[in-house]
Every structure is written in structure tokens, then in C-alpha cells.
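Reviewing the structure listed below.
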Amino acid sequence: MVGTFYAAPNPESPDFVSKGSTISTGEVVCVVEAMKLFNEIESEISGTIEKVCVNSGDPVEFGQTLFLVR
């Protein structure tokens with residue numbers, strides 16, 4: 001396990017993105033917590049979120065697919 005996936009910046013906030021969201025390059029799409037550091041993950045591409053592949057609070061690893069983007 002590399003870290004923990006979080007879909008929102010905090011429990012009271014809405015998710016950064018969800019299915020159907022339009023994203024652009026450089027936009028923050030989630031946060032991954034690793035060793036008590038919260039790292040904002042930015043999109044490398046532009047498009048529309050087709051699927052969020054993990055749930056908030058799930059452990060994630062290097063190279064794991066987090067989102068499917070069209």
C-alpha cells in the first residue's frame with residue numbers, strides 16, 4: 001500500500017470530481033495520504049470522468065487506476 005485515496009478535501013466537502021465531471025489538465029481530482037502527508041493529485045489529461053474506480057478511504061498503490069476518463 002502506498003497511501004489512502006480521498007475523493008474530497010475533508011469529510012464535510014463535496015468530492016473534487018464525480019462521474020460526469022469535466023476536468024482539465026492540472027485540475028485537482030483527489031487527495032492521497034501517505035505517511036501523514038496529504039498529496040493533491042492533479043489530472044494529467046482533459047476529458048470527462050466516466051468512472052471513479054476506488055472509494056474514498058480505500059488503500060491505493062503506484063500505477064493503480066483511480067479514474068476512467070473519456
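The values are calculated or read from the model by the stated rules, or taken from the named source; none is laboratory data. Predicted model, so just to flag it, every value in this text is computed and none were measured. Here the Cβ positions follow ideal geometry from the backbone for every residue, glycine too, while neighbour counts run over all protein chains shown. With ligands, DNA and RNA removed, areas are computed over all heavy atoms of the protein, side chains included. Shrake-Rupley method; radii C 1.70, N 1.55, O 1.52, S 1.80 Å.
Using the Cα centre as the reference, give the magnitude of the dipole from point charges on the C-beta atoms of the chain (Lys, Arg: +1; Asp, Glu: -1; all else neutral), rounded to the nearest 20 debye.
Roughly 160 debye for the chain.
Alpha carbons only, please: Rg and Dmax for the chain, in angstrom.
Here Rg and the maximum Cα pair distance are 11.3, 32 Å.
Leaving ligands, DNA and RNA out of it, report the carbon-plus-sulfur percent of the accessible area of the chain at a 1.4 Å probe.
It is 52 percent, rounded to a whole number.
What does the accessible area per residue of the chain come to in Å², with a 1.4 Å probe and no ligands, DNA or RNA counted?
Accessible area per residue, the chain: 68 Å².
Would you calculate the separation in nanometres between label points at LEU68 and LEU37, each defined as 7 Å from the Cα along the Cα-to-beta-carbon direction?
My value for the distance between the label points is 3.2 nm.
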